[in-house]
1. Once the Cα gyration tensor of the stretch 186-252 is diagonalised, what are the square roots of 5 times its eigenvalues, in whole Å and ordered largest first, as equivalent ellipsoid semi-axes?
2. Taking amide H positions as placed 1.01 Å from N in the peptide plane, with prolines and chain starts having none, which residues 5 or more places from residue 661, or on another chain, fall under 5 Å of its amide H?
3. Using a 10 Å cut-off on Cβ atoms, rank the peptides 519-529, 173-183 from the highest mean neighbour count down.
4. For the chain, build the charge dipole from Cβ charges (+1 Lys, Arg; -1 Asp, Glu) around the Cα centre, then report which of 356, 51, 695 sits farthest towards its positive end.
5. Can you work out the base-10 log of I(q)/I(0) for the stretch 661-750 at q = 0.17, 0.18 1/Å, using the Debye formula on its C-alpha atoms alone?
6. Not counting ligands, DNA or RNA, and with a 1.4 Å probe, what is residue 190's accessible surface area in Å² rounded to the nearest 10?
7. For the stretch 276-315, give the percent of accessible area contributed by carbon and sulfur heavy atoms, probe 1.4 Å, rounded to a whole number.
8. Quick check on packing: order 641-648, 511-518 by the mean number of other C-beta atoms within 10 Å, highest mean leading.
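The values are calculated or read from the model by the stated rules, or taken from the named source; none is laboratory data. Small disclaimer: the values here were computed from a predicted structure and weren't measured. All Cβ positions, glycine included, derive from the backbone under ideal geometry; neighbour counts span all protein chains shown. Please note that ligands, DNA and RNA were not included when accessible areas were found on the heavy atoms of the full protein model with its side chains. Shrake-Rupley method; radii C 1.70, N 1.55, O 1.52, S 1.80 Å.
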Amino acid sequence: MGGKSATGATIIGWAAAWLVGLALQMQQAALWPATRYAALAAGAAVLAPMVWRLRGRRWCLGALLIGLGFAFTGLRAEWKLAHELPAELQGQDIVVDGLVVSMPRIDERGARFVFDVDAASMGGVAVPLPERLSLGWYRAWGDEGTGAAAFSALRAGQRWRFSVRLKAAHGLLNPHGFDYELWLFEQDIRATGSVRDAPAPRLLAERAGAPIERLRQALRDRLMRSVDDPRIAGVLAALAIGDQAAIERTDWDLFRVTGVAHLMSISGLHVTMFAWVAGLAVGSLWRRSPRAMLALPAAGAARWGGLLVALGYALMAGWGVPAQRTVWMLVTLALLRTLGVQWTGLAMLALTGVVVCTIDPWAMLQPGFWLSFVAVAMLMGTSPAALPPPGARGRSWLRRAAGAVGLALRTQGIATIGLAPLSMVFFQQVSLVGMAANLLAVPLVTVVVTPLAIVSLLVPPLAHLAGAALQGLIVALQALAHWPLALWTAAAPPPWALAVGLVGAACLLLPLPWRWRVLGLLLLPPVLWPWVARPQAGRFELLAADVGQGSAVLVRTQSHLLLMDTGPQYTSESEAGTRVLLPLLRARGESKVDLLVLTHRDTDHVGGAGAVLAGVPVVAMLSSIEPEHALRAQALAAGVPHQRCERGQAWQWDGVRFAVLHPTAHDYAMPHTSNAISCVIQVTDAAGRKALITGDIERPQEDALVALDGEALRSEVLLVPHHGSRTSSSPDFVRQVAPRWAVVQAGYLNRFGHPVPDVVRRFERAGAEVVRSDRCGAWFWSSEGTECTREVRRRYWHAPKSANAAPADAIGQAVFGGAEVAKLEQAGGTQ
């Protein structure tokens, strides 16, 4: 196969070509017909033997590998999307028989779980459904007495008959936000839904399958009972059996700020550690048997024995994507070693990347994939040219300890500097205390806490020791998190800045002359301090965020930001502030909110306000909420001045005028609903272009505005009142505002049926383009044009624009995009 270096370069080149083909296909907004992918694959396969004989065949084969990878991924995608939920079945009552194949996630509202369908029928007639569903079984609205206890009988491995209402896989879509639809696609979940109360759910069989998940649930329950503190028990459950949903949001925030989130779930590091320890044990035992040594060398037995144990651990941990990725890497390396292949480390890493991505091409779209592979590549590339032989090292324990500390510092320093550009791209933040935190957390979590947590599954008293060690670590992490500038945040850098930043990090880490190190420092600012475009003086930009059934609007002038409403509260642990707005503000480079406007007290408008007040500096707050409201108290405690919104208030920022049109002082004095005193603000730029943001006002308030403001209401952009409810958007109001764009912020197939068809037709007859967040995602407007995030980011796994069928009487986005998705966003990509 040629020389070692030539072989390594060839393998790396061909691996890169295959991966480029996979990556290019994943940029498609829509899939080709399967026949076109098949023709491309057949053509590449036929041409490959011919090209092999040509000069320069490496380059030609590389091109063929790109095409073959492209076709392979396209065919896989066609197969995955072949089992979509028929549009006519959305929102219908369907009876399904099937198996609970995941541990249910139980909270105060009910349970969520993955369900494999065996049979489905509607009105006694069989109907086609996707094979795998994500279901929520929730207590009835207003039923405060049931709680989680009613769902304690639900367990993995049971066979049930449910009546369900389903909708196609759909999620929120915001700039730089978590792509829930991609996650569903990768998990082969093509529909989500809720369990209906009638006919009543029926347990068909107690133990019908999923033996590993049944065992995991039993072990989780035992562990949760063994530790008094639910917070500590949740982290131990994540470390022992991969139950990431058990970790509370506040702990995820702490782990994120200190840069140790990758340790707090079953990650590649844990699986590798398990394989290494098991390999040492197997090898030691193998050497004790001469007969075993004759059958298989101890090194081979240790390698494959450790791999088998790691595979069992990964399965017991839920077989998550990070664990799968690591197992396939270990399998590839074990095969290469067994076959005696002598390639460079980078060539072997490239081949493991090919194996991982061939099994799951969409792993390339996960931050964790790039963080793992880039970290290993940098460690390989920056290894000293020659290490002293074992005998040359100091024999004293002190010198050995010093060497271990030096190696740990070097490894963590490389990871911290080398991965900083990727962290900025994926998360718009870098933990500046991460190196210190990981130096403490890595040995403690991997050597003490995780092993004790695993053994405690069999010996419950050991859970107390694991909990005590973990509690000590959390205390230390909390101290680090309170250091000044513990977390560096900046706007999402463009792709060219990422490339420049990676080159800069490589220059700093590689054994190069100092002038190259200085160059590396000069290349880092574009990714750490990216330039952010702002509107010119006298102009403004408006972004209507995709928050589901709720409202949140950002208005940006040259040097000021107004945030009007903060989206809904999804569950007790999930709301739009943490899930959508704070990541969005980071990605846009927003360091503060100059004015937070809360139109009224309803939770679909103020659900995320607490997180915003806690997560970003707020200069002032304007609202119609009552003085005794908890948010008023939180704002006061944070030193944020509050003023009641009232007609007549007006101010200018950077040549842009803001005016409060509603409510009046009289409105507050009269009996009213919360909708009736929604704050209404009109924004006007220097050229006279206007945007009208209306909260949840209804027809009486619209009539009052028409009477008071008349022609002055005319605006290019209208945030449609009350999400397109039939109680709002009266003909007179629509005629007077005459918007060019009527923006409806509403959840996908929400239970209220917003926006109602009559309102949509009313705006369309008035000449307005109706923009719906359930079809558009986040919507951006500026004087230069408009942009739908769902169109800009569209990929073939996203729900088509026409997927929104008749409204369903089911729990909307708040159910299917709530706590579980929030935990995925917080943990995902760090493993």
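1. 27, 17, 14
2. 680, 681, 682
3. 173-183, 519-529
4. In the chain, that residue is 51.
5. The Debye formula, applied to the Cα set alone, gives -0.68, -0.76.
6. 10 Å²
7. Values: 1860 of 2510 Å².
Using a 1.4 Å probe with all protein chains present, the stretch 276-315 comes out at 74 percent carbon and sulfur.
8. Values: 641-648: 15.9, 511-518: 11.0.
Highest-to-lowest ranking by the protection proxy: 641-648, 511-518.
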